[in-house]
Amino acid sequence: MTKAELSLFDMDDFIRGAGAERVSECASRKLREILEDEVNAVVFKAKILARHAGRSRVTRQDIQLAANLIHGA
């Protein structure tokens, strides 16, 4: 399976959606890097949670719990 990549266009759109009028390509690239790191961390933790529960399938609840554990929610 190939790695999905977030597009710079989407990053630009997110930043503009937060109120920025202009966005540098460098800012879009950095946001993409940060989001990909966050996604990898959540998925890694979710896989551990699923395995701990005796499952090979990661569920929505695993993703939610992993995100809560990482971000203290």
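Quick check on the exposure proxy: order R60, R55 from fewest to most C-beta atoms within 10 angstrom.
Exposure proxy ranking, most exposed first: R60, R55.
For the chain, which GluC sites (Glu not before Pro) pass both filters: DSSP loop (anything but H, G, I, E, B) and at most 10 other C-beta atoms within 10 Å?
Taking the chain and a limit of 10 other Cβ atoms within 10 Å, the loop GluC sites (Glu not before Pro) found are E5, E21.
Would you please give the FRET efficiency between N68 and N40, computed as 1/(1 + (r/R0)^6) with r the Cβ-Cβ distance and R0 = 30 Å, to the nearest 0.05?
For N68 and N40, the calculated efficiency is 0.95.
Fewest to most neighbouring Cβ within 10 Å: what's the order for S56, S24?
The fewest-first ordering by Cβ neighbours comes to S56, S24.
So for the chain, averaging the separation of alpha carbon pairs under 8 Å that are six or more residues apart and normalising by length, what relative contact order in percent results?
Rounded, it is 23 percent for the chain.
Between T59 and L6, take the C-beta separation as r, use R0 = 22 Å, and let me know the FRET efficiency to the nearest 0.05.
The pair T59/L6 has a calculated efficiency of 0.45.
Which order results if K47, K30 are arranged by neighbouring Cβ count within 10 Å, fewest first?
Result, fewest neighbours first: K30, K47.
Values quoted throughout were computed directly from the atomic coordinates according to the rules given, and no laboratory measurement underlies them. Nothing here was measured: the structure is a model prediction, and the numbers come from that model. When we count neighbours, we look across all protein chains shown, and the Cβ atoms used for this are built from the backbone with ideal geometry, even at glycine.
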